[in-house]
Structure formats: structure tokens, C-alpha cells
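I am attaching a structure below and will ask some questions about it afterwards.
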Amino acid sequence: MNITKVVIPVAGWGTRSLPATKNMPKEMLPIYNKPVVQYIVEEAQASGLHDVVFITNQKKTIIEDHFDHNLSLEGVLRRSGKTELLESVRRVAQMVNIISVRQKEQLGLGHALLCAREVCTDDYFAVMVADDLMFGPQPGIKQLMEAALSEHMAVVGVMEAPASKVNRYGIISAEEYGPGLFRVRDLVEKPSPDEAPSRLAMVGRYILTPEIFDHLARLSPGKDGEIQLTDGLRQLARSSKLLAVKLKGQRFDTGDWVEYLTANIHFALQDEELKKELIERLKELL
Ligand code: UTP
């Protein structure tokens, strides 16, 4: 069995990133020379997920446009002989198939996913949160796909959070039954360090089954009037239908300014042409 579809919700307000995101979707803010969402789609593509379902809204069509051809720009680059740039913009348009679904009211991540119900009918599909960047020896979502297909169950990606930061995440209560593989019993949303059942925090990568939609559809709005994905996942966990995989790699939450800026420096430093001068400038600043 193959998993080919990934839901990427991009319809949120991005209030943590204001005023930058007043008119610009936070998913389109650049990390070095690419928008955040392009890194997410590249991770999906590298994992064999070729059908991308964006959950979007009327202000965010620029995201779908980014993954389509810009024929006038391509014409300009072709005529001026800028072959390398031309190839780089054409490549983005050819990466994946785009399906777009409107979330007409921003009622939370769980609600955004529920909007994809009619298009996610396969046995398994992936969900990737568009402001969570992940890099490692193997794409984050691929690590989950392997576990879901071998264990035949829904899987969430987790990473170890420092005790001082568990109150920012959904934390799992789970037992390890293989290296880095956990059976999830329960989930606690943003617990205090004393109440946290572990330090394993859910990060924005999931492999789910259509059963999640039944749970989400039954939920009434929780905190902030939103339908939380965590509440739907809790139902799966309590009926022993949820696993967690401890992801290997590095993560940046680009909705947080410190992490966003660190990610920019991280990627710019990978560019050998930029690296030396950038380090000099950073030293001067410090
Ligand atoms: P966040 O929890 O970061 O929410 O969503 P947000 O509203 O965009 O940002 P802040 O917290 O106000 O700064 C994680 C992902 O889920 C999408 C967002 O676009 C983001 O990529 N999302 C969130 C939706 O698609 N719909 C929603 O109703 C909420």
C-alpha cells in the first residue's frame, strides 16, 4: 500500500507573526531564499507524497500560485538566458499535484483538517503543519509513513521538549515498545512541567486514517472557540489506535520569531557563496 496524499492546512491568521502577516501569509515568509511552505512541500515530495491538499482561504491563493507556472516570468528568464533561475522556478511548479479546499471560517487546526474529509478517503493520508520545518537524515513525514505502514495504525511525530517548554505543546502519555516507537495512551494539551506525563511533544507531522474525521465531527469547540486536532487524536489514543514515533532531526517552529530567524541563518549558512560574508557580518553585529 502507498500513501500519496498530504493535507497541509494554511488557512490560519498567523497572529504571532504580525505585522509581517497582515497581508502576506505566514507560510509564504521566506526562509533564506524560499518560502516556508516550499520546504514543507519539498519534504512531502521527497517522501513520495505527490498529491498536496492545501486547506486555504480567500486571502491565501498566492500559496497555490507559488506551486503553479508563472508563464510571464518564465518568458522573461528564457529570453534573457537565465537558464538556472528558469529551471528553479519551473521545478517548483512541477513538484506536486495541488488540490485546494476552502476553510471558510478559521475555527482551528482540527476544523481545517475536517474540511478535507471528502478528499481524504484513502486508508492512510499524511498531515503536515505548514509552519513546522523539519530536517534530518530522513524526511520527518517519511519516518512516520514507514511506521504507519508496518504497524497498520495512525502515527504522530514527537520530539523531546525541555521541561521548561512542555507547556507549549500537546504531550503524550505513552509506553515505548520498540526503539523510538510508542503506544499512545493519552494526550495532554499544554501541561505544566509538574503535570506533564512525559516530555514527548507532538510536532506537526501525522499519518492518519479517515476515522479521525468521525472524531473531529463530534467535537464541540474547545479552547479559544477552536476545534483542536489534539482533541480528535485523544479519542484515537484512548481507544489504543495511535502510535508515536520519535523523530530524528532538527525542527524550527517558524511561527516563533527566534526560531524563524534561527532557521534563516541555518539555511543561509548552508550556502557556501554566502557563508563567509554572513559570518563576518554576524560577528560584527554581536
Ligand atoms: P497555528 O496554530 O500556528 O495557527 O496553525 P495560526 O492561526 O496560523 O497562527 P497564530 O498562532 O495565530 O500565529 C498551524 C497551521 O494550521 C493552519 C495555519 O495556517 C498554520 O499553517 N490553520 C490554523 C488553519 O489552516 N486553519 C485554522 O483555523 C488554524
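Values quoted throughout were computed directly from the atomic coordinates according to the rules given, and no laboratory measurement underlies them. Not measured: the values here are computed from a predicted model. For neighbour counting, all protein chains shown are included, and Cβ atoms are generated from backbone atoms with ideal geometry for every residue, glycine included.
One line per residue, one yes/no per condition, for (1) crowded, with 19+ Cβ neighbours inside 10 Å; (2) among the polar types (S, T, N, Q):
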position	(1), (2)
ARG218	no, no
LEU236	yes, no
SER239	no, yes
LYS246	no, no
GLN250	no, yes
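Starting from segment 22-34, keep only residues that are of a type in the set (Lys, Arg), then list their pairs with residues that are within 14 Å of the ligand (Cβ to nearest atom) whose Cβ atoms are within a distance under 7 Å, requiring at least 6 positions of separation or different chains.
LYS26/GLY14; LYS26/SER17; LYS26/ASP131; LYS26/GLY255
Moving on to the next point. Is one or more of the residues making up segment 24-42 under 29 Å from LEU269 (Cα atoms), away from the ligand (no atom under 14 Å from the Cβ), in a loop (DSSP other than H, G, I, E, B) and of a type outside the set (Lys, Arg)?
Yes, because at least one residue in segment 24-42 is under 29 Å from LEU269 (Cα atoms), away from the ligand (no atom under 14 Å from the Cβ), in a loop (DSSP other than H, G, I, E, B) and of a type outside the set (Lys, Arg).
May I ask you to verify whether LEU278 is hydrophobic (A, V, I, L, M, F, W, C), surrounded by 20 or more Cβ atoms within 10 Å (Cβ to Cβ) and assigned to a helix (DSSP H, G or I)?
The answer is no for LEU278.
I'd like to know if segment 45-60 contains one or more residues that are within 16 Å of the ligand (Cβ to nearest atom), part of a helix (DSSP H, G or I) and either under 22 Å from PHE267 (Cβ atoms) or β-branched (Val, Ile, Thr) (or both).
Within segment 45-60 (the criterion being within 16 Å of the ligand (Cβ to nearest atom), part of a helix (DSSP H, G or I) and either under 22 Å from PHE267 (Cβ atoms) or β-branched (Val, Ile, Thr) (or both)), the answer is no, since none of the residues qualifies.
Let me spell it out: the conditions are (1) within 11 Å of the ligand (Cβ to nearest atom); (2) under 15 Å from the mean Cα position of the chain (by Cα); (3) not small (Gly, Ala, Ser), and THR21 meets all of them except one. Which number is the exception?
Failed condition: (2).
In this structure, does ALA196 turn out to be over 17 Å from the mean Cα position of the chain (by Cα), part of a loop (DSSP other than H, G, I, E, B) and hydrophobic (A, V, I, L, M, F, W, C)?
So ALA196 passes the test.
Continuing with the same structure: Please go through segment 173-193 and pick out each residue that is surrounded by fewer than 16 Cβ atoms within 10 Å (Cβ to Cβ) and assigned to a loop (DSSP other than H, G, I, E, B).
PRO179, GLY180, LYS190, SER192, PRO193
Which of the residues that make up segment 45-64 are of a type outside the set (Val, Ile, Thr) and within 19 Å of the chain's Cα centre (by Cα)?
Selection gives GLN45, ALA46, SER47, GLY48, LEU49, HIS50, ASP51, PHE54, ASN57, LYS60, GLU64.
Here's the yes/no breakdown for (1) away from the ligand (no atom under 15 Å from the Cβ); (2) within 25 Å of GLY12 (Cβ to Cβ); (3) not hydrophobic (A, V, I, L, M, F, W, C):
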site	(1), (2), (3)
ILE62	no, yes, no
PHE67	yes, yes, no
ARG78	yes, no, yes
ARG91	yes, no, yes
VAL101	no, yes, no
ALA116	no, yes, no
VAL127	no, yes, no
ALA147	yes, no, no
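Shifting gears a bit: If you check every pair at least six apart or on different chains, which have Cβ atoms under 7 Å apart with a residue in segment 35-52 that is in contact (Cβ under 8 Å) with a residue 60 or more places away in the chain and within 17 Å of SER100 (Cβ to Cβ) first and a residue that is among the small types (Gly, Ala, Ser) and in a loop (DSSP other than H, G, I, E, B) second?
Every condition considered, the pairs that remain are VAL37/ALA130; ILE40/ALA130.
Could you tell me whether any residue of segment 8-18 is in a loop (DSSP other than H, G, I, E, B), more than 13 Å from the ligand (Cβ to nearest atom) and either at positive phi or more than 13 Å from the chain's Cα centre (by Cα) (or both)?
No, segment 8-18 has no match at all.
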